[in-house]
Every structure is written in C-alpha cells, then in structure tokens.
Amino acid sequence: MRACLVTVLLGFAGLCWNISPAQSQPLRTALIISNAQYANLPPLARCTASAAAARDALKARGFEVVERSDVRRGEFDAAIGALAKRTTASPPSVAVVYYCGYAQEFNGRSFLLPAAADVKRENDVLTQGLISKSLVDSLARVGDSSGVVLLDGFQPPGAPATGFARLGEQIQPGSFAVIGVNNDAAAQGPTAAAQALRGQLAGDEVSLEKFVGGMRAELAKGAAGTAFFVAATGRPSFLVGGKPPPTPVAAAPPPAPAPTPPPAASAPPAAAAPAAPQQAMVDEDRMSDQDRRQVQLVLATLGYYSGRIDATFGPETRAAIRRYQFEIKAEMTGRLTAEQATKLVNTVR
C-alpha cells in the first residue's frame, strides 16, 4: 500500500512538472484572412496558396490558427474583434494577423477590400473598405500583447496604389510589428512573404526583432514587390520560445514613514492655468446646420470623408461616421451620440 502511494505521488509530481512549463508560456494565436474570390474584381489565386503556406508555418510552431476566407465587411470586423477579445482574455499573448487580398489607397489612406467590395468610384472604399491602420490600431489597444501584422496586398486593376507606402509612414511604432508587401497578381504560387514565414519562424527561439530583420532580408532579394516595415517597440517579445514571464514576487512592505513636521507658513501656490474648455456637442437630432458642417469637416480632416460639406448626413457621411465609430470601438450605427460627437470635434482642436 505504501509503495503504491509513493508511486502515485511520484507520478503526480511528474505530471505537474510536465505541465508547468507549458502553462507559463504566453498564448500564441494567429488569424489568417484570405480573400481570393472577389465578387467584382479578378480572383487572386495566389492568396489561396499563400494563406495555406502561412497557416502551415504558424501551426508548425504551435500557434492556434483561425482561418477566414473571402470575408465580407462585417465578417472582417468580427474576426478582428474576436482575436482582440481572445488575446485580452489571456495576457500576456502573442498574435499574428496575416491578410492576403486587394488593398487600395484613397485620400492618403490605405484600405483593405472585403470580398464583396464593388468599387466603381475611388471614394467607394470609404463605405466598403477597411482602413488598414484601424486593423493595426485595434490590436495595439489590447494590453500586454505583441506580435506581427503581415499584409500581403495586391493593387486592384486601375487603382493608383495599395497605399502601403503611406501606411508605413502613418503607423506609430508599438508592441506590434507591421509588414506590408505589394505583390504581382500575375505571378504564380505563394507570395514571397508567405514562403518566407516558415524559414523565419525556424529555431528554438525567435524574437520579434529577429523575425522582422529576417523578413526584411528575405524580401529584399527581389522575389517580392516593394515592402515596408514598422518594427515593434517596448518589452522583448518572442514569436517562438523565449523565457516565460517571471512569477511576480510579493514586495516587502515599505518602512513606516517618519512623522512629517508641520509645514511652515507660506504663500498659497499660484493657481494653475485652466485647461481649454472642450466644445460640447448634442445628439444628431438636435444639431444645427453649423454643427453638422463641423462634423463633416472634422471627418474629412481625419480622412474618413471626402464628400461635400453641406450639413446633409447622406450615405457617405454615414459611412464616414461608421469608420470613426469602428476606430473608437463603438457600435457602428452610423449615427453620432452627443458623447461621440463631442469626442470627434475635439480631436483636431
């Protein structure tokens, strides 16, 4: 009986030893979005092959991989939201987002095109596209997470550019590295970026910095089109391996402070200069024409709107409001509450 008990206890101890290191590693998750079949644009066969290559490379290194193909606008938002929620629930976490599909520049901003996009005029991307920067921003807002956003873009026929060059200038370095590549739709097989993933994730330990440097060197060989890179900043992060985060140690209580002597009489401090008051706005139904024009002007200044400043909240204004609501993580109703309108107009003051 005693021998059996010892055997059981030793077996249990061995089980705990095997599980503990795994539990201490951060969550590693990936979202792969492949838009290969467009309703109103030529198909992108390369995206099917590229997404498969990216999926296999990430799964081989232990990432949880979620795949979405030929997504519409709402499905795009939902997939990004689900990833942000997943990483928020399991800090610290490492996430990789891979997108393959069309991208288009308008008014100095880059937009990713969902599979159902029907861009007849350039400004149609305002109502049908996803602002590329907002994808990065939505992940950057997740506390204690890091990773990579890899955008494998293709320029739609007749479009001026993907906008990735501008995007590289607009992104502020943060905990997520960003790589954007302009590809040739006429070429065959997976993109250079997708093919490079497996090699750059190889090894027992791959830091985010090492990964970005390796991708930069690989894509500079000429097999890819033009690319931009935004390196991550902040604490060191590892896509593969790395030391687990240290277990927090309870701090010793600070010594009791010495008694404070009574303050000497002195002149009262000068009053701080009052902060500039914010402009308060009202709900849409109570806005004056001047209020509405101001809203349109600010939306245009921020790059969401390119229509007339006429105080009429038509379809283009509604779409611009939804873009703004997405960036502030509000319900995308297309109608501004007083709180949202106040925040909007004070953004550019």
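Every read-out reported here was derived from the displayed coordinates using simple, explicitly stated rules and does not represent laboratory data. Because the structure is a prediction, the values reported are computed rather than measured. Reconstructed Cβ throughout: ideal geometry from the backbone, glycine too, with neighbour counts over all protein chains shown.
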Between residue 107 and residue 343, what is the label-to-label distance in nm when each label sits 7 Å out along the Cα-to-Cβ direction?
2.0 nm
Net charge, residue 193 excluded, C-beta distance under 13 Å - Lys, Arg +1, Asp, Glu -1:
+1
Residues with amide H under 5 Å of residue 115's amide H, sequence separation 5 or more or different chain, H placed in the peptide plane at 1.01 Å from N; which?
71, 72
Fewest first, what order do 80, 32 take by the number of other Cβ atoms within 10 Å?
80, 32
If r is the Cβ-Cβ distance from residue 60 to residue 329 and R0 is 41 Å, what FRET efficiency results, to the nearest 0.05?
0.75
From the backbone phi of the stretch 182-196, what are the Karplus-calculated ³J(HN,Hα) couplings (6.51 cos²θ - 1.76 cosθ + 1.60, θ = phi - 60°) in whole Hz, Gly and Pro given as x?
8, 10, 9, 5, 7, 5, 10, x, x, 5, 4, 5, 5, 5, 6
Cβ-based exposure ranking for 304, 38, in which fewest neighbours within 10 Å come first
38, 304
In nm, the gap between the two label points placed 7 Å beyond Cα toward Cβ at residue 184 and residue 172 is 3.9 nm
For the stretch 150-242, share of DSSP beta bridges that run antiparallel, in % to the nearest 5:
55 percent
Figure the gain on full extension for residue 78 and residue 280 (residue separation times 0.36 nm, minus the Cα-Cα span) and round it to one decimal in nm.
69.5 nm
Inter-centroid distance (Cα atoms) of the stretch 284-349 relative to the stretch 171-221, Å:
37 Å
Average projected area [Cα convex hull, the stretch 284-345], square nanometres:
3.6 nm²
Residue order, fewest to most surrounding Cβ atoms within 10 angstrom, among 176, 238, 229, 63
229, 238, 63, 176
Give, as a single signed number, the net charge of other residues whose beta carbon lies under 11 Å from the beta carbon of residue 63, with Lys and Arg counted +1 and Asp and Glu -1.
+2
On a straight-distance basis, which lysines could pair with residue 85 in a cross-link, Cα separation under 24 angstrom, same-chain partners fewer than 8 positions away excluded?
59, 133, 329
What are the residues whose amide H is under 5 Å from the amide H of residue 31, where those residues sit 5 or more places off or on another chain and H is modelled from the backbone?
66, 96, 97, 98
